[in-house]
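Engineer: I'd like to ask some things about the structure below.
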Amino acid sequence: MLLDLSNKKILVTGIANNRSIAWGIAQQLKAAGAELGITYLPDEKGRFESKVRELTSPLEPSLFLPLNVQDHSQLEEVFSSIAKKWGRLDGLVHCLAFAGKEELIGDYSATTANGFSRALEISAYSLAPLCNLAKPYFSKGAGVITLTYLGADRAIPNYNVMGVAKAALEASVRYLSAELGPENQVRVNAISAGPIRTLASSAIGGILDMIHNVEEKAPLRRTVTQLEVGNTAAFLLSDLASGISGQTIYVDSGYCINGM
């Protein structure tokens, strides 16, 4: 059986620019034949909308919608649009994470209450309401994927509150897998990608040192690309991965096997 996403209707969140991991995922999903819905983070001047629309236009998304996951009315509108346009959902890609730059440098104990709440709400909690609203539309065997990082399992310098958020996200994957699997065989998995230079990662203090460390120590002696993560996402959302759920799949050139 070849990897084939033809006739699959998949919602992709979190594309910000051409360096986004979500962008790499969307490209590979489209290449495998999926019909895409794309969300963007709205801003007052409409800059994100125009940038993401221009970037994703070659993918011919049949849905293009604003989504700020801190606004429940926007969450509801996304799934209302899915109901009207598609009537079902075969895949959901959660690529949403945020922490203030001040929270991603120095001591974790200096994390503010507001910074902690914001990071956890956007980066971890948001997966739950997305899945809850998607429940009525998930097709049998649908897939959900989210993005995590090694900092969920190990103390990574400056990753701080985002590591805590990713740990909560990985726990959410397990609980959602247990919840969504029995009725319609919906699968929920996480991809733990190696460090990649993106707009989001640029806020992490010492990100270039992290990348260079992977290049020096990973078995493949390099970090990964957005498209390599996209290939794994396409696999996990395909029927080839029908027996995989509740897992964190590492796509990091093997770096996670190192003792240090």
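The values are calculated or read from the model by the stated rules, or taken from the named source; none is laboratory data. What you see is a predicted model; the values in this text were computed from it and never measured. Cβ atoms come from the backbone with ideal geometry, glycine included; neighbour counts cover every protein chain shown.
Conditions (1) part of a helix (DSSP H, G or I); (2) within 19 Å of G24 (Cβ to Cβ); (3) touching a strand residue (DSSP E or B) at 6+ places or on another chain (Cβ under 9 Å); (4) modelled with pLDDT of 95 or more, marked per residue:
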| residue | (1), (2), (3), (4) |
| --- | --- |
| R174 | yes, no, yes, yes |
| P182 | yes, no, no, yes |
| S202 | yes, yes, no, no |
| V224 | no, yes, yes, no |
| T232 | yes, yes, yes, yes |
| S245 | no, no, yes, yes |
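Engineer: Let me ask you something else. From the residues in the range 18-40 that are part of a loop (DSSP other than H, G, I, E, B) and within 14 Å of the chain's Cα centre (by Cα), which one is nearest to S192 (Cα to Cα)? Explain how you work it out, then say what you get.
Structural biologist: So the first thing to find is which residues in the range 18-40 are part of a loop (DSSP other than H, G, I, E, B), and the list is 18-20, 32-34.
Keeping just the survivors that are within 14 Å of the chain's Cα centre (by Cα) gives 19-20.
On the way: R19: 17, S20: 15 Å.
Once the filter is applied, the top-ranked residue is S20.
Engineer: Under 7 Å between Cβ atoms, at least 6 apart or on separate chains: pull out the pairs that start in the range 83-108 with a residue that is free of Cβ contacts under 8 Å to residues at least 60 places away in the same chain and in a helix (DSSP H, G or I) and end on any residue that is crowded, with 24+ Cβ neighbours inside 10 Å and not hydrophobic (A, V, I, L, M, F, W, C).
Structural biologist: Going by the 7 Å Cβ cut-off, the qualifying pairs are E103/N160; Y108/N160.
Residues checked against (1) at pLDDT below 95; (2) closer than 21 Å to A22 by Cα; (3) more than 20 Å from the chain's Cα centre (by Cα):
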| position | (1), (2), (3) |
| --- | --- |
| P58 | no, yes, yes |
| L96 | no, yes, no |
| E103 | yes, no, yes |
| N114 | no, no, yes |
| E121 | no, yes, no |
| G141 | no, no, no |
| A155 | yes, no, yes |
| N158 | yes, no, yes |
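Engineer: Something else about it: Test each condition in (1) within 28 Å of P136 (Cα to Cα); (2) surrounded by fewer than 16 Cβ atoms within 10 Å (Cβ to Cβ) for F79 and report the one that comes out false.
Structural biologist: Failing condition for F79: (2).
Engineer: Right, something else. Can you pull out every residue in the range 247-260 that is on the phi < 0 side of the Ramachandran plot and assigned to a loop (DSSP other than H, G, I, E, B)?
Structural biologist: Q247, D252, N258, G259, M260
Engineer: Related question: I'm trying to understand the selection: among the residues of the range 132-171, which are in contact with a strand residue (DSSP E or B) (Cβ under 8 Å, 6 or more places away or on another chain), surrounded by fewer than 24 Cβ atoms within 10 Å (Cβ to Cβ) and in a helix (DSSP H, G or I)?
Structural biologist: A134, Y137, L150, A152, E170 - these are the residues of the range 132-171 that are in contact with a strand residue (DSSP E or B) (Cβ under 8 Å, 6 or more places away or on another chain), surrounded by fewer than 24 Cβ atoms within 10 Å (Cβ to Cβ) and in a helix (DSSP H, G or I).
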